[in-house]
Amino acid sequence: MSDSTDDKPAPEEPSKYVPKADGVDPYATRLIRELKQDRAILACRYDATGQFVFTGAQDYLIHRWDLADESEELQAAAFESHESWVRAMCLFPHDDRLATGDYVGRLIIWQQMNGEPKPQHSIAAHEGSVRAVSVSADGKLVASAGNDRMVRVWSAETGELVRELAGHDCHVYNVAFHPDGSVVSADLKCRLKHWNVESGEMIRELDAGLLYVYSVKYTVDVGGVRGMSFNADGSQLACTGATGVKGIAHSGNARVLLFDWKSGELLQELKPEKDEITTAWGVRFHPDGFIVASGGSRTGGFLWFWQPDQPVAFHMLKFKQRAPGFDLDLSPNGKTLAVANHDGTLRLYEMLPEPVVEDEAKIKDT
Amino acid sequence: MTRDPACQSTAHLVSRRSMLGNLVAGATGVGAIGRLVHPAVAGEIEKKKKQVLIFLLNGGLSQFESFDPKPNTDTGGPFRQIATAVPGTYFSELMPHTATIADKLAVVRSMYAQKVPGSHGGARDFVETGRPPQLGPNPLMGPVYSTVLEQPDELPGNIHIAPSRWGPRQDAAFLGPKNASLVLSGGRPPLNLERPESINEGSDDVRYRLRRIADLRFSQRRRTAHSEAYSASYDRAAQLIRQRDLFDIAKEPEKDQQRYGTHDFGRHCLLARRLLETGVTCVKVTHNNYDSHMENFNFHLEQLGEFDRPFTTLIQDLDSRGMLEHTLVMLITEFGRTPAIQPDLGRDHWPPNWSVVLGGCGIQVGGVLGATNENGTEITDRPVHVAEMFHTYLQAVGVDPTGVHELGGTRMPLGAPERSAVKELLI
Amino acid sequence: MAARLTSDVLAIPEFPEGEEYVEKPSSKVRSVPKFSLRELLATKLTGGETPEFARNMANRLWAMMMGRGVVHPLDAHHAANPPSHPELLEGLGESFQQSGFDTRSFLRELALSETYQRSSIAPAKVDPSTIAAESFAVANMKGLSPEQLLHSLLEATGSQGVFEKQVEDALKEDAEAWAELSADAEKLAAARDAKKAERVKEFITLFGSTPGRPEGEFQASLPQSLFLANNPALVEWLEPQPDNLTTRLIAVDDPADVGRMAYLSVLSRQPEDEEISLLAEHLQSRDDRRAAIVEFVWSLVASAEFRLNH
């Protein structure tokens, strides 16, 4: 005879993330800065020092925000060269170069991003949009993916075409270099191809098909991996998008698919606690061991936080503004998230509680 | 010849009918496949006959991503504009093939409608009937054409090549079911065209004949309008069954099947060509779907990517076959899309201004009518109301839009009485 | 009757904002305004000061029964389109008004009338084409309504059983759903009803007139005739099925008996002599008796006599 009044045992609570002692506290994530631009921002990247954030936007310009300048009315430095929206963006790992791609197929490798930026190479890389760019770990190669179904690998030094990776049968939405020098690309139907760059051969395919559907009603493919990111050692890959999309009138439900890179198997289908009509866009692995993504839709914008072994987000931040976060980047010191918003504002969120200000008088007395 | 009301002999009835020239189903066999009239011959016989080809881009085609691009603006989106065959006229880069035939088209950039219902169906009805749907139902263009234009003898005159899930609809309103469009869902032959397996060809002939005789008996001592209409519908069914190859594009040359492409819209365009060549008066092709509230740019890229080439191929083929002269072509949609780009990179519905394209019979081509301002938020020149376009669609094929439908005592105007055709578009 | 113009201007009371309702509008409760124009309209239309309303209603009910209005087309009440029988229309309008707009008893009276019970057959020695529709001297024929057509087809061919089976087969197509349904009698019954309603709706879409408008003149369309000729489900009703009409006919030898059984079942009458001869000729000319019977039954259900209410 049991003591408890219930016959069934209490359900196991999923273990919630416990912030590391010397790490950040996702639960405390708060908006610390808003940097306004004219038009929707589609991409954002911190530079290696964390002093600058670069954005690509619908005004065709690359903006550089100097975060060391704390003034309220801070203006960004803006750099022209692209002739359409800039969504593809990747920083070079060891120097102040930046690779960007636009909607009309141009890939630009910029140099002196921290000084007087100018295009080092301006390449007509694709017929139609460049949807994503990635820079190799050694900084020597740049990969671009586009609407012409091609993935191309370029020499960062000379700007010349090194390799063409053909095989996708629809628009290629994303591309990323693995730390080992191989490349993964993902398309509209959410099929991933893992390439050997040297030989140009495809090594294997991975399937992120949960993020894709063919809409019979609208007779169109709906899908595309919006964001793609490896963790630091390349053992895991996160892909973002939405699942269960009914058509083209509104989004489905945001998802981040977590793959084990070695086996190619899907480890987790990461989802928000409550399914809303949203798409997940940018994603990052935090060194503390959690995964953070940005996204949203007309309903609003969100940040979601997951542990890699738990499908349901342990924390969620809903933006004040009803504008999705199209892109996300983690500051080099791991404390801040930069989010590129549809409303044209770059927002910085700190994953730490508000610092307590000691009473000045008290401090003086001690 | 006077009828003897007392005569009830069936033999007498049958031969009298034959003398009156009515087709008796079974005379040439219901099941036998008739030869389609050869296109060249068709051209001669029906030299002056007008035809209509309607492209309905369903969901609301974005004027920014098609015929009224505004690159480098806050509303224009990421795509560029490209030059067309008409110097000084630019289309969106999403329509490279259509750009090459701009000299065969007239673009109207200043279409508008007011008090449009929010729903697609209502807005579509407004465009296709020339009347506010709240005052409906009114007949769509296809049924209207079937009453004012010459109809083919042995074919349905008004056919809608529709997306897969679209079924038959009562689109003829007060013109009645006999004038309703024949719907080819997914471009497939009409429902129930194929005989069930349990009935063979011979059986079909026999049963139609028996049925016909029953009707002749029934109508002997009665007023005959209804039974005649009923019998006529079976005659048409028998005719259509004989003509079922009409719907089979596998009968078109292989090279054409390649040129038009293997996806649905390409095949539908080839089918439209086939139907028009054999003399169908009005063919509508609907392309799904442009209602991109989300990811407008991705989806217009996909849909126009599908649309651009087969559309161009069809217009060019009509032209090279000398058919564009007497075939009115129109490219319509129920409204445009918002200049403002929404948070999920979509565009919403926009009736204050959008684009429509005409070509072919009776139309002044090679130009643009109307204009919008720099970022496409308003009309700056020659607004054209949906109802004015409806008048134009009639006048272009030689029909007086101020005329009426005579409906046994009631008269309904063809076009909205307070509007008139757009003279600038007409030759 | 000339239209009367009234120069009365209705006094519409005004209320301060927020005080227009006895019961405010909400999603749960029907709103009750302190003053309702609609209610006033209803009262004025039916109060006797507007005989046109009663006449219009009576005319439409008459048209529904008799196949044609006393004023026809139904919307065209104006000087250039006078009623075919002005006193009749007056009388109908008044009677309907006085009964308090009792539709049921009005229709009953129409149904009991000689006019309604007339046949559509012209008297001997009269050429039917000379009889004007508006004379009501013979019955004006109407098409069966979509629902009448479906149920008549099932009744005539004895196919209720096949129909039930077809409904069940359709439900079984989704094996998973069927497993759920067969475990729950109530859900199964509901699913069956829903499927049947789908079939009714199919008939309505195909054979019905434009929604919101009165039935116009009978029209026949190509999709309708293709359906009646080739729809697989319908053709199945004509095939020999356990105890349906076709099965019973196949089992009978004498053409006269075949004819009587068939004409009574489908057309609710005895066959004429010549019809029996035609039938005998037909049966003899075909080797395949099953096919011959199916062809014959189809010719009856697809005939104008079956399709029309005459």
With segment A:209-298 reduced to its Cα atoms and the Debye formula applied, log10 I(q)/I(0) at q = 0.19 1/Å amounts to -0.83
For segment C:221-252 and segment C:8-26, what is the separation of their C-alpha centers, rounded to whole Å? 60
Under the rule a/c < 1.5 gives rounded, and otherwise a/b versus b/c splits prolate from oblate, where does segment C:157-310 land using the Cα gyration tensor? oblate
Can you tell me how segment B:203-247 classifies by the Cα gyration tensor, rounded, prolate or oblate, using a/c under 1.5 as the rounded cut? oblate
Could you tell me what a quarter of the Cα convex hull surface of segment A:26-353 works out to, in nm² with one decimal place? 15.0
Summing Lys, Arg as +1 and Asp, Glu as -1, what charge do residues with Cβ under 10 Å from the Cβ of B:GLY187 carry, B:GLY187 excluded? +1
Enter the mean number of other protein chain beta carbons within 10 Å of the beta carbon of each residue in B:193-203, as an integer. 5
Let me know the shape class of chain C, please: from the alpha-carbon gyration tensor, a ≥ b ≥ c as square roots of the eigenvalues, rounded when a/c is under 1.5, otherwise prolate if a/b is greater than b/c, or oblate. oblate
Given a cut-off of under 8 Å on Cα pairs at least six residues apart, what relative contact order in percent is computed for chain B? 28
Taking only DSSP H segments of four or more residues, each worth -39500 (n - 2.57), what value at 222 nm results for chain B once the sum is divided by all its residues, to the nearest 500 deg cm²/dmol? -9500 deg cm²/dmol
Between C:SER105 and C:ILE12, how high is the FRET efficiency from 1/(1 + (r/R0)^6) when r is the Cβ-Cβ distance and R₀ = 22 Å? Nearest 0.05. 0.05
Would you calculate the volume per residue, in Å³, of the smallest convex hull containing every Cα atom of the protein assembly as shown? 281
Computed [θ] at 222 nm, helices only, for chain C once each DSSP H run of length n ≥ 4 contributes -39500 (n - 2.57): -17000 deg cm²/dmol
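Any read-out appearing in this document is the output of simple, stated calculations on the displayed coordinates, not a laboratory observation. All of these numbers come straight from a predicted model, not from anything done at the bench. Using ideal geometry, Cβ is built from the backbone for each residue, glycine included, and neighbour counts are taken over all protein chains shown.
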